[in-house]
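What follows is a single structure, written as structure tokens, with notes after it.
The values are calculated or read from the model by the stated rules, or taken from the named source; none is laboratory data. Predicted model, so just to flag it, every value in this text is computed and none were measured. Here the Cβ positions follow ideal geometry from the backbone for every residue, glycine too, while neighbour counts run over all protein chains shown. To get the accessible areas, we keep the full protein, side chains included, count just its heavy atoms, and leave off ligands, DNA and RNA. Shrake-Rupley method; radii C 1.70, N 1.55, O 1.52, S 1.80 Å.
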Amino acid sequence: MIFYKTFIEGAYVIDLELIKDDRGFFARTFCAQEFEERGLKPAVVQCNMSSNYKQGTLRGLHFQIAPATETKLLRCTHGAIYDVIVDLRKDSPTYLSHVSVELSAKNRRALYVPEMFAHGYQTLTDNAEVTYQMSEFYTPGYERGLRYSDPKLAIDWPLPVSIISHKDANWPLLAAPP
């Protein structure tokens, strides 16, 4: 795997290192030792998959608070998505900054999301599928979210939103500065 640091400490874009021959290729998609060497949390307790029928579908921005904070490793296995993470670590110099990356079946890229980052994505194609490796179990009482259209975040989503859940469309806005 090839790890690329983003400008936000702890968040990585990860490309596969392909070993090719006339059969095709082989690549490692996860290695706890390689994650630990970079100070990343390699625990995986749950794997999830989402299927999104329509281009423009928006999911997120989701996160879990203590004691159920989680890391995620995401990969788009069919179609393409515009993936966004927002730094929610109040002591971070990049607090409320975001990173966006296109993940697709074609580029086979993954995104490592540290604890206390909100995560969301918009589908760039119909029938986009996303797999998630999670370091913590889904814990509904600790789930929180940010509104995808919050002006304080200024996320430039690439498409008009075609489908969004009621919950995701109505997360509260961040408070205006005093």
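Regarding Ser92, is this residue more than 18 Å from Phe3 (Cβ to Cβ), in contact (Cβ under 8 Å) with a residue 60 or more places away in the chain, out of contact with any strand residue (DSSP E or B) (no Cβ under 8 Å at 6 or more places or on another chain) and not charged (D, E, K, R)? Even if it seems obvious, please write down each step before you answer.
Values: more than 18 Å from Phe3 (Cβ to Cβ): yes; in contact (Cβ under 8 Å) with a residue 60 or more places away in the chain: yes; out of contact with any strand residue (DSSP E or B) (no Cβ under 8 Å at 6 or more places or on another chain): yes; not charged (D, E, K, R): yes.
Yes.
Considering only the stretch 102-132, state which residues are within 18 Å of Phe30 (Cβ to Cβ) and either of a type in the set (Val, Ile, Thr) or open to solvent by 50 Å² or more (accessible area, probe 1.4 Å) (or both).
Hits for the stretch 102-132 are Asn107, Arg108, Arg109, Val113, Glu115, Glu129, Val130, Thr131.
Do you know which residues across the stretch 80-101 are farther than 19 Å from Tyr148 by Cβ and either buried (at least 19 other Cβ atoms within 10 Å of the Cβ) or among the acidic types (Asp, Glu) (or both)?
The answer is Asp91, and nothing else.
Looking only at strands (runs of 3 or more DSSP E) that fall completely inside the stretch 7-61, which ones have 3 or more residues that are open to solvent by 100 Å² or more (accessible area, probe 1.4 Å) and farther than 30 Å from Lys167 by Cβ?
Per the criteria, no element qualifies.
Residue under question is Leu96, and the condition is that it be under 23 Å from Gly39 (Cβ atoms), assigned to a strand (DSSP E or B) and not polar (S, T, N, Q); does it hold?
Judged against the criteria, Leu96 is not a match.
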